[in-house]
Amino acid sequence: MAKIIVVTSGKGGVGKTTSSAAIGTGLALKGYKTAIVDFDIGLRNLDLIMGCERRVVYDFVNVINGEANLKQALIKDKRVDKLFILPASQTRDKDALTKEGVERVLTDLKKDFDFIVCDSPAGIEAGALMALYFADEAIVTTNPEVSSVRDSDRILGILQSKSKRAEEGLEPVKEHLLLTRYNPERVERGEMLSVEDVQDILAIDLLGVIPESKAVLNASNSGQPVILDSDSDAGQAYLDTVSRLVGEQIDFRFLSVEKKGLLKRIFGG
Ligand SMILES: Nc1ncnc2c1ncn2[C@@H]1O[C@H](COP(=O)(O)OP(=O)(O)O)[C@@H](O)[C@H]1O
Ligand SMILES: [Mg+2]
């Protein structure tokens with residue numbers, strides 16, 4: 001049975017699109033047929049991060065409006081088998097995504113895919129609500145700072161009251177915490193919240209901790225999801241995250257400051 005997973009946060013700029021690209025790619029690497037759907041109408045960040053912006057012909061809104069079918073709009077990734085992207089439209093019309101239209105597209109996708117990863121726009125208005133409405137699971141993407149945690153808490157309330165599962169009294173949306181841009185040095189200096197702080201406030205299951213990493217910018221500049229950079233800390237943290245998402249028990253890494261050995265302290269590095 002296909003699963004719909006929304007990557008959401010409330011706050012913008014926390015790493016939703018980075019995470020949608022990485023996690024969707026990771027699921028496909030594990031052999032699951034996966035579609036990443038860009039709900040951020042007007043922005044179209046996902047296809048840039050996935051490096052397929054020049055291959056966009058039709059988009060999500062075209063499919064909803066019947067101007068193209070899913071086969072025409074889905075972009076097949078050239079690196080990873082079983083991975084597809086449904087790009088967002090560049091239209092300014094934020095109401096282009098109707099509930100009926102989105103439901104039709106997601107129902108069609110469910111017939112053919114194992115996972116549908118929905119990259120949500122920021123905020124708690126119509127666009128973000130649409131991205132989470134049909135979700136079975138939510139990856140609540142949060143930075144270790146108070147404003148981000150507060151917005152994530154709001155999104156948790158919305159998942160529990162305004163999702164389809166909530167409205168229909170079904171089993172609630174399964175919520176996961178993904179802590180991104182985590183910087184253990186800054187946590188040690190008291191400039192950022194720790195994993196424990198954030199977990200205490202949000203009280204949901206911890207799916208992953210992604211370190212603040214230069215590899216993320218390098219990856220997005222080269223149109224490659226960072227999870228494909230498996231030598232990088234962020235790439236490895238996303239690989240762990242995807243393994244946990246599919247039920248594997250994996251220890252957490254990159255949570256504390258790497259203690260420098262004597263030689264490194266003397267010679268740097
Ligand atoms: N782990 C990370 N380390 C460093 N920079 C990151 C990390 N995750 C995201 N970023 C950067 O943060 C910015 C916002 O990321 P993005 O995924 O577009 O967020 P959102 O979709 O939530 O708006 C981008 O410039 C991205 O490169
Ligand atoms: Mg985004």
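Just a few scattered comments:
- Förster radius 30 Å - calculated FRET efficiency between Glu145 and Leu48 (Cβ-Cβ, nearest 0.05): 0.75
- The residues of the chain present an accessible area of 48 Å² per residue when probed at 1.4 Å with all protein chains retained.
- Helix 233-245 axis, angle to the chain major axis (alpha carbon atoms, nearest 10°): 60 degrees
- The packing ranking, built from the mean of other Cβ atoms within 10 Å per residue, places the peptides 219-231, 27-39, 162-174 in the order 27-39, 219-231, 162-174, highest first.
- Cleavage-rule hits, GluC sites (Glu not before Pro), the stretch 90-159, DSSP coil, Cβ neighbours within 10 Å at most 13: Glu125
- Share, in percent, of DSSP beta bridges within the chain that are antiparallel, nearest 5: 5 percent
- Extension reserve of the Asn218-Asp197 stretch, reckoned as 0.36 nm per residue once the Cα distance is removed: 4.6 nm
- Around Leu27: net Lys/Arg minus Asp/Glu count, Cβ-Cβ under 13 Å: 0
- With a cut-off of 14 Å between beta carbons, the residues surrounding Val173 carry a summed charge of -2, where Lys and Arg count +1 and Asp and Glu -1.
- Carbon and sulfur %, accessible surface of the chain computed with the full protein complex present, 1.4 Å: 47 percent
- Stretchable slack from Asn69 to Lys164, in nm (0.36 nm times residue separation minus alpha-carbon distance): 31.7 nm
- Global form of the stretch 175-269, assessed from the alpha-carbon gyration tensor, a/c cut-off 1.5: oblate
- Helix 99-112 vs. the chain, principal-axis angle (Cα, 0 to 90°, nearest 10): 70 degrees
- Taking all protein chains together, Asp136, Asp205 sort by accessible area into Asp205, Asp136, largest first [probe 1.4 Å].
- GNM top mover of Thr142, Thr91, Thr18 - the chain, alpha-carbon springs below 10 Å: Thr91
- Cross-link pairs beyond the 18 Å C-alpha cut-off, checked among Lys71/Lys164; Lys3/Lys110; Lys76/Lys164; Lys16/Lys162; Lys30/Lys76; Lys76/Lys214: Lys71/Lys164; Lys76/Lys164; Lys16/Lys162; Lys76/Lys214
- The alpha-carbon of Lys259 sits under 13 angstrom from the alpha-carbons of these aspartates and glutamates, leaving out residues fewer than 8 places away in its chain: Glu185, Glu188.
The values are calculated or read from the model by the stated rules, or taken from the named source; none is laboratory data. Just so we're clear, the structure is a prediction, and the values are computed from it rather than from any experiment. A quick note on method: Cβ atoms are made from the backbone with ideal geometry, for glycine too, and the neighbour counts reach across all protein chains shown. Please note that ligands, DNA and RNA were not included when accessible areas were found on the heavy atoms of the full protein model with its side chains. Shrake-Rupley method; radii C 1.70, N 1.55, O 1.52, S 1.80 Å.
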